[in-house]
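Comments concern the structure below.
The values are calculated or read from the model by the stated rules, or taken from the named source; none is laboratory data. Only a predicted model underlies this, so the values are computations on that prediction, with no experimental measurement involved. Here the Cβ is made from the backbone with ideal geometry for all residues, glycine too, and neighbour counts use every protein chain on show. We work out accessible area using only protein heavy atoms, side chains counted, and drop any ligands, DNA or RNA first. Shrake-Rupley method; radii C 1.70, N 1.55, O 1.52, S 1.80 Å.
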Amino acid sequence: IPGLADMHNHLDDGGTTRAQNKVANLGRVLAAGVTTVFNPSVPEGDFAKLKAAAADDASPYARFFGTGPGLTAEGDQLGALSPKPKTAAEAQAVVQKLKALNVDAIKVMRDDLAWSSTRRMEPMPMGVLQAAVDEAHRQGLKVYAHAPQLLRAKEALRAGVDGLLHGIIDEAIDQDFIGLMKKNGASYVPTL
């Protein structure tokens with residue numbers, strides 16, 4: 001095969017006690033045969049460095065695509081540095097800012113963390129999610145959702161997201177889910 005595409009890679013090397021060198025890791029994945037990487041949720045500074053490093057086709061790095069930081073809600077422990085819009089206007093402004101950074105897509109969180117933690121968070125309000133999706137589509141950007149629960153995935157799909165970045169892990173998918181996926185022409189990246 002000419003190369004592999006990794007559609008959900010945060011470019012961390014598995015270490016937890018040292019700073020991550022995402023650009024060096026982009027070179028490492030190329031050495032392993034991954035010629036294209038999509039990073040859903042990367043800090044703005046890292047996003048700019050990765051885009052610049054991979055811009056030249058002759059660079060020693062995999063082609064890089066990403067979202068910049070994902071939009072989330074207050075209480076998201078994993079998205080401490082991510083934008084947390086509380087209103088439709090704030091969501092639109094965040095999407096416009098990310099578009100100006102030349103992101104390739106937008107990532108939204110549609111999760112209450114019930115599947116992974118005893119500490120729950122309130123998901124982003126539907127009106128805020130809808131405003132983010134609508135603004136991204138106006139800006140010519142696709143929207144991908146972190147939504148590993150069936151209920152939350154359906155909510156994201158009803159808002160018009162273009163794909164899901166985790167498999168559904170809490171219950172079996174149903175015909176309603178399949179219909180929403182088809183209606184949106186949505187992609188499904190299960191992320192093992």
* List the relative contact order of the chain as a percent without decimals, with contacts defined as Cα pairs under 8 Å and 6+ residues apart. => 15 percent
* To do: Place a +1 charge on the Cβ of each Lys and Arg in the chain and a -1 charge on the Cβ of each Asp and Glu, then give the dipole magnitude about the Cα centre in debye, rounded to the nearest 20.
  => 260 debye
* Asked: Taking amide hydrogens as modeled 1.01 Å from N in the peptide plane, which residues meet the under 5 Å criterion relative to Leu4, leaving out close sequence neighbours?
  -> Val34, Thr35, Thr36
* How much mean residue ellipticity at 222 nm does the chain get from its helices, if each DSSP H run of length 4 or more adds -39500 (n - 2.57) and you divide by all residues, to the nearest 500 deg cm²/dmol? -> -10500 deg cm²/dmol
* Once the piece of chain linking Ser117 and Leu81 is laid out straight, how much longer is it, given 0.36 nm per residue of separation minus the C-alpha distance between them? -> 11.0 nm
* To do: Would you mind pulling out the separation of the Cα centroids of segment 104-164 and segment 79-93, in Å?
  => 12 Å
* To do: Over the alpha-carbon set of segment 75-192, divide Rg by the Kirkwood Rh and report the Rg/Rh ratio to two decimals.
  => 0.95
* Structure fact -> Put Ile1, Ile169 in order of accessible area, largest first, probe 1.4 Å, and you get Ile1, Ile169
* Please compute the Cα-Cα pair-distance distribution of segment 1-95 with 5 Å bins starting at 0, giving whole percents from short to long. => 3, 13, 21, 22, 16, 11, 8, 4, 1, 0
* What fraction of the DSSP beta bridges in the chain is antiparallel, stated in percent and rounded to the nearest 5? -> 0 percent
* To do: Calculate the translational D of segment 44-90 in whole µm² s⁻¹ from Stokes-Einstein, where the hydrodynamic radius comes from the Kirkwood formula applied to all Cα pairs, the temperature is 37 °C and the viscosity 0.692 mPa s.
  => 261 µm²/s
* Asked: What are the radius of gyration and Dmax of segment 2-47, computed over its Cα atoms and given in Å?
  -> 10.7, 35
* For segment 95-137, state what percent of all Cα-Cα pairs lands in each successive 5 Å bin, counting from 0 Å until the bin that includes the largest distance. => 5, 20, 24, 17, 15, 12, 7, 0
* Taking the convex hull of the Cα atoms, report for segment 17-149 its projected area averaged over all directions, in nm². => 9.0 nm²
* For the chain, give the percent of accessible area contributed by carbon and sulfur heavy atoms, probe 1.4 Å, rounded to a whole number. => 55 percent
* **Per residue value of the accessible surface for segment 57-192 (all protein chains in place, 1.4 Å probe), Å²** => 48 Å²
